[in-house]
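Here the structure is laid out as structure tokens; the discussion comes afterwards.
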């Protein structure tokens, strides 16, 4: 078996010479594009966890800003380790703040801007994403595989361009999984090489006839490099970091580590004793890292203090194990159901094809084909149990199958399987799904399927074009369009001098949102109301009063939303009358709901409420308020009920235009464009002097 792997490696290396570097220029262009899209930046908002499970807390604490500490970071039962977010986000932000301080002192430039605070974490994630590229390249070199098409597929995937450069814990999990796969694959090659040389020398030793020859062979055997526990500390450290970053790494890392433990098992020199030795070596190397994470988390969440350590006054209750809390929470189906219930087949039949489009479909068909061959006892057509193909297949379908047992499933949960999917199936983008016919000669139906449904080499160009097209569309959707107005909305409300320490005398601001994802509070750059400050003019200590109030109502119906707006408006009018407290009230909704809100306002008969459109943010698409392209959505809310009849007809203007004229087509196009926006309204009480005419 080992000899076969060595021969295959040499064979692939000979093939690689003729095809090396064909797509490297395109890959370099995509790498530059990946970095440029970080600096533009992309305003697409994929999921609230992009901020609230990662960068929200470190940013707020580093710059003393108001921020949202979600329930995952509570002090009673925290389920998120703080170590990885602090290393990846807080340390770079701290270095950036120190750099800005020195630049301002020596040069006079203030480079500490909200834009840079937003970009720095994504730039760090972009650099981390290249761990996937490096691991893929090195693995291809180890096994003599063609790396150019694989690097091209990885760099052109929207998973890499969008998801891998965002501040998801899943993106870190993806990089760690790719690195672990490379390390284990490298150890497998090293072990196979050493075992091959060892068995060869053993045969020579037995065949030797003179003592001198035996001594020479024995010296050669003694100089063979160790391999039994090679890179044990690296494997265990990656596994522990991945486990504390996101405990689902247990599902992704366990099958990979298992291949590290069984490599070479069954040969003459490796026995089950080596398997046990490797297992306990991993435990021993991982314990110090586990202790470090537990101690840091316990101190951060207040379970353990320095005085407790100094006087050795601590017990089991002074320590918190965040992965254990994570598992305890998610093992209850009722808890996961609170985040959304999905069918069990969603990962395999929807999420994998969504993330990897053509390659995802190919991966699923390949797995079905292997199961079919196994059921037909065609074992010689299956990958060898300890081969890199078996390793990559296990890294794909073992975690996907386990995660399918959980009733809450999202595509980003499967980001770590990107590396094995690419390394196994990326060449099929240029060779086709099957380079040779997998069906028997007598199977006519199989021949028809192969010729028309499976991608042969002749139609591989279309498969590559399909790969490009789908990834461009999904990159534009998730990276730019989806909830794209939310981050732009935060930039609108950022103070002119976001990092000023002087008291702000501006009026209170109230923002109501509906049918939007949660706004990352730290990026509003509102100074923290819990930080003690000193006025540089008189040395007086003070804390800021809260001046920005956010009310997020999710998918509230427009009639109920109008009642919430009216209630908050009445409360602030009372404060204005009694305490002279000025205020500004804003409402942000997708532009596709403008007409619904107009109708709700007409029904409520609130004639004294005035809506004034302040800003439109493009592009923006809320799946919770998907546009209706058959209606003419306005961006202005009609609040002057004296101009409306009792029928509330908003469509009379269409009768004035010819239905098939150029003007009608332009209006239809304008209506469609206005559907993809986020509109911000200023809500006021209509005073006597504000009535027109």
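What follows is calculated from the coordinates using simple rules that are stated; it is not laboratory data. Worth saying up front: this structure is predicted, and the values here are computed from it rather than measured. Every residue, glycine among them, receives a Cβ derived from its backbone with ideal geometry; neighbour counts consider all protein chains shown.
Put in line by how crowded their Cβ is, counting other Cβ atoms within 10 Å and starting with the fewest, 461, 49 read 461, 49. At an R0 of 22 angstrom, the distance between the Cβ atoms of residue 206 and residue 277 translates into a FRET efficiency of 0.25. Ellipticity at 222 nm from helices only: DSSP H runs of n ≥ 4 in the chain, each -39500 (n - 2.57), divided by the residue count, give -17000 deg cm²/dmol.
Residue separation of residue 214 and residue 682 scaled by 0.36 nm, minus their Cα-Cα distance, works out to 159.3 nm of gained length.
If r is the Cβ-Cβ distance from residue 564 to residue 113 and R0 is 30 Å, what FRET efficiency results, to the nearest 0.05? About 0.30, to the nearest 0.05.
Helix 24-39 versus the longest principal axis of the chain: what angle, 0 to 90°, nearest 10, using Cα atoms? Long axis of 24-39 versus the principal axis of the chain: about 30 degrees. Compared with the dominant Cα axis of the chain, that is its longest principal axis, helix 352-375 is turned about 40°. Computed extension length for residue 296-residue 468: 57.5 nm, one decimal, from 0.36 nm per residue of separation with the Cα-Cα distance subtracted.
Taking each residue as 0.36 nm, the span from residue 494 to residue 91 lengthens on full extension beyond its C-alpha to C-alpha distance by 142.7 nm. Over segment 18-125, Cα pairs under 8 Å with separation of 6+ residues give a relative contact order of 26 percent.
Counted by neighbouring Cβ atoms within 10 Å, the residues 579, 559 run from fewest to most as 579, 559.
A P(r) calculated from all alpha carbon pairs of the chain, with 20 Å bins opening at zero, reads 14, 41, 31, 11, 2, 0 percent. The average projected area of segment 515-623, computed from the convex hull of its Cα atoms over all directions, is 9.5 nm². Between helix 249-262 and the chain there is an angle of about 10 degrees, using the helix long axis and the longest principal axis of the Cα atoms. Legend: P(r) of segment 47-131 from all alpha carbon pair distances, 5 Å bins from 0, whole percents, reading 3, 13, 22, 24, 17, 11, 6, 3, 1, 0.
Based on Cα contacts under 8 Å between residues 6+ apart, the chain shows a relative contact order of 15 percent. Segment 40-99 and segment 222-292 have Cα centres separated by 31 Å. With a Förster radius of 56 Å applied to the beta-carbon distance between residue 537 and residue 142, the computed FRET efficiency rounds to 0.30.
Exposure proxy for 45, 23: other Cβ atoms within 10 Å of each Cβ, ordered fewest to most, give 23, 45.
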